[in-house]
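Since the structure comes first, as structure tokens, the remarks are kept for the end.
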Amino acid sequence: MTDLNIYITKEEVQSDNKGLLDGEKVAVKDNLCLKDVQTTCGSKILEGYKPPYNATVVEKILSEGATITGKTNMDEFAMGTTTETSYYGATKNPVDTERVPGGSSGGSAAAVANGDVNLALGSDTGGSVRCPASFCGVYGLKPTYGLVSRYGLIAYANSLEQVGPIADSVEGIAKLLTVISGADENDHTTVETEATDYTQFCEDPQAYDVGVPSELIDNADEEVKEAFWSAMDKLESQGFSYEKIDMPSVEKAVEAYYVIAMSEASSNLARFDGVRYGHRSEDGDNWNENFSATRGEAFGDEVKKRIMLGTYATSEGYKDDYYDKAQSVRTQIRSEFSSKFNEYDLIVTPTMPVKPFKIGDSLDDPIKMYLADANTTPINLSNIPALSLPTRESDDLPVGMQMIAPSFSEPRLLRAASLAQDTLD
Amino acid sequence: MTNSPERVSEDDVHHIAELARVTVDDEEVERYIEQMDKVLDRFESLDEVKVDEEREDQLENIVRPDVIDESLTQEEALGNAEETKDGYFKGPSTN
């Protein structure tokens, strides 16, 4: 049996508590702090780092009785769409081991697809839960920004990211979301919401009126389009109605996303200087030289490029050109979604415009990889939730369908996905 | 020989790397520069965007009272550092 390289650290952490996750095994992405267990973010710079605390979501799953199976592989600092930028090697897609599992939460999605666990935690900044869920043929949710605490999630782009559940069923998504959601004093970007049992919505499957943006389907691969429309037709027979719509603002989503994410990353990763934790270089006689050597030695290529591009985009003379314009695009996309949600209950797209790449194929062409995020990035920019579900309409490789809803409409997503699960399974 | 980039020169890349405190050697600069140039080329599609004069911000700043609460012990806080001295983190010399 091929080693899929799912885990960076395989170490079981059990809880004495009993609760909603009693008897459940959960795999946890390696950018979420697990106390006293190596947490690396897929990087050499945190090799050997053992956090002195648990992330809030980790604390919550342990207090509900979960057994954590280990820390899963990921693109370095969550920067990637294939899990190939990890310092610890690529993860193989269990469905086809010559292909990538998607990224950056590839290890978590592979753990679920491989049957090691039913539930896993990932993080999603520009698609990093939904993409691997799509490529591995499982379910993945990016919650509304502010629904789930980011305390203990080692930051890449903190205005965009959320911790999200990955599971082999809609019920699994709902159960994990119930446990991890909720306001947290340690993360003031979380929003006060009523404690909700999301599993109840799985018992209330419902059909909805759907808009499908032409910008996010017309340029997809033929096989993706076929699988998507075939699934939509089946949903139509169950009461969903759909129409093609235009959403021109999303055409700049990828550029706006990367400018914002790289800018935030250049700031968030400034903390890795080797003094308080992590790798420390032996070179460099003074503060600046030693920091530069530490970071130069222990960050991978993709991370270095993004830090530099982010530094450039926020530097004097360029901020107006890049960062401010990207934020304006963000506002436009958010408004366009809002106005479409006045006419449609859900907006639905293929999760990824492409099928899973072969391992090694995408690394030389960063633009090709960035454009693969075209369908997922508009959602992070708008702070709204989206759920990827497997269509099971493709003969060989998985094709995911992405359902998008207004802020805090996870109940609607779960109702829709439950009906879809029954219909498409 | 690769096409020379239009938007960033090798000197630019070295300068940015210095600002970001990330050492890059000549081989890396050569490898990165073409890709970075392509990315900046795509970012130029943002040129046509009009910047809103009033951007709506949905998030309010939230603060908590400045009251001492439980935190890490000194031992826990120092636990991952490569060099410590008398309860301090020990860093490289400042100059």
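Where a number appears in this text, it was derived from the coordinates with a stated rule and is not lab data. All of these numbers come straight from a predicted model, not from anything done at the bench. So basically every Cβ, Gly included, is an ideal-geometry build from the backbone, and we count neighbours across all protein chains shown.
In chain A, the longest principal axis of the Cα atoms and the axis of helix A:253-268 are about 30 degrees apart. Peptide packing for A:407-415, A:193-201 was compared via the average number of neighbouring C-beta atoms within 10 Å per residue; ordered from the highest value, the list is A:407-415, A:193-201.
Placing +1 on the Cβ of every Lys and Arg and -1 on the Cβ of every Asp and Glu, with no other charges, gives the protein assembly as shown a dipole of roughly 900 debye about its Cα centre. Along the Cα-to-C-beta direction of A:GLU251, a point sits 7 Å from the Cα; which residues of the stretch B:16-51 have their amide N less than 19 Å from that point? Taking a point 7 Å out along Cα→Cβ of A:GLU251, the residues of the stretch B:16-51 whose backbone N falls under 19 Å are B:41-51. Take the Cβ atoms of B:LYS38 and A:GLU98, set R0 to 22 Å, and the FRET efficiency comes out at 0.20.
Counting only other chain Cβ atoms within 10 Å of each residue's Cβ, the peptide B:33-39 averages 4.
Full extension of the chain segment joining B:GLU60 with B:GLU10 gains 13.8 nm, where the gain is 0.36 nm per residue of separation less the Cα-Cα distance.
For the pair the stretch A:1-72 and the stretch A:108-166, the centres of their Cα atoms are 14 angstrom apart. For the stretch A:202-304, the list of trypsin sites (Lys or Arg not before Pro) that fall in a loop by DSSP and count at most 14 other C-beta atoms within 10 angstrom is empty. The value of relative contact order for chain A, using C-alpha pairs under 8 Å at least six residues apart, is 18 percent.
When peptides A:327-337, A:32-42 are ranked by their average number of other Cβ atoms within 10 Å per residue, the highest-first order is A:32-42, A:327-337. Think of the stretch A:138-290 as having a plus end and a minus end, set by charges on the Cβ of Lys, Arg, Asp and Glu; of A:VAL148, A:GLY172, A:TYR208, A:VAL148 sits farthest toward the positive end of this dipole. Each Lys and Arg adds +1 at its Cβ and each Asp and Glu adds -1 at its Cβ; summed about the Cα centre, the stretch A:341-386 shows a dipole of about 140 debye.
Of A:SER63, A:THR97, A:VAL112, which is farthest towards the positive pole of the stretch A:1-138's charge dipole, taken about the Cα centre with +1 and -1 on the beta-carbons of Lys, Arg and Asp, Glu respectively? Towards the positive end, the residue furthest out is A:SER63. Overall, chain B carries a charge dipole of about 280 debye about its Cα centre when +1 sits on the Cβ of Lys and Arg and -1 on the Cβ of Asp and Glu, all other atoms neutral.
For each pair in A:LYS305/B:LYS85; A:LYS325/A:LYS368; A:LYS60/A:LYS340; A:LYS234/A:LYS355; A:LYS142/B:LYS50; A:LYS305/A:LYS340, compute the distance between the two Cα atoms and list the pairs where it is over 28 Å. Let's see the in-between values first.
On the way: A:LYS305/B:LYS85 35 Å; A:LYS325/A:LYS368 23 Å; A:LYS60/A:LYS340 35 Å; A:LYS234/A:LYS355 21 Å; A:LYS142/B:LYS50 30 Å; A:LYS305/A:LYS340 36 Å.
From the list (A:LYS305/B:LYS85; A:LYS325/A:LYS368; A:LYS60/A:LYS340; A:LYS234/A:LYS355; A:LYS142/B:LYS50; A:LYS305/A:LYS340), the Cα-Cα distance tops 28 Å for A:LYS305/B:LYS85; A:LYS60/A:LYS340; A:LYS142/B:LYS50; A:LYS305/A:LYS340.
On average, how many beta carbons from a partner chain sit within 10 Å of the beta carbon of a residue in A:274-285? Write down the numbers at each step before the final one.
Numbers: counts 5, 8, 9, 7, 3, 1, 5, 2, 0, 1, 3, 3.
Mean number of neighbouring Cβ atoms from other chains: 4.
Take the Cα of A:ASP218, step 7 Å toward its Cβ, do the same at A:GLU316, and the gap between the two points is 4.4 nm. Here the alpha carbons of the stretch A:299-425 define both size measures, Rg and Dmax, at 17.8, 54 Å.
Would you tally the net charge around A:LYS175, using a Cβ to Cβ cut-off of less than 10 Å, leaving A:LYS175 out, and scoring K and R as +1, D and E as -1? Walk me through the intermediate numbers first.
Working: positive: none; negative: A:GLU24, A:GLU64, A:GLU171, A:ASP197.
Result for the local shell: -4.
Using alpha carbons only, the radius of gyration of the protein assembly as shown set against its Kirkwood radius gives Rg/Rh = 0.95.
Against the main long axis of the alpha-carbon atoms of chain B, helix B:10-19 sits at an angle near 10°. Determine the relative contact order of the stretch A:153-196: mean sequence separation of Cα pairs under 8 Å and six or more apart, normalised by residue count, in whole percent. So the answer I get is 23 percent. Averaging the Cα positions of each part gives two centres, and for the stretch A:74-94 and the stretch A:283-304 these lie 22 Å apart. For the protein assembly as shown, the residue among A:LEU414, A:LEU309, A:GLN327 whose Cα projects farthest onto the positive side of the dipole built from Cβ charges is A:LEU414.
Which order do the peptides A:118-128, B:34-44, A:93-103, B:64-74 come out in when sorted by mean C-beta neighbours inside 10 angstrom, highest first? Don't skip to the end; give the middle numbers.
Details: A:118-128: 29.5, B:34-44: 17.6, A:93-103: 24.2, B:64-74: 7.5.
Per-residue mean Cβ counts within 10 Å order the peptides as A:118-128, A:93-103, B:34-44, B:64-74.
On a 19 Å Cα-Cα criterion, which of the cross-link pairs A:LYS92/B:LYS38; A:LYS25/A:LYS175; A:LYS252/A:LYS358; A:LYS10/A:LYS44 come out too long?
Working: A:LYS92/B:LYS38 29 Å; A:LYS25/A:LYS175 13 Å; A:LYS252/A:LYS358 27 Å; A:LYS10/A:LYS44 17 Å.
Flagged as over cut-off: A:LYS92/B:LYS38; A:LYS252/A:LYS358.
Using alpha carbons only, how many degrees (0 to 90, rounded to 10) separate the axis of helix A:410-424 from the longest principal axis of chain A? So the helix axis and the longest Cα principal axis differ by about 60 degrees.
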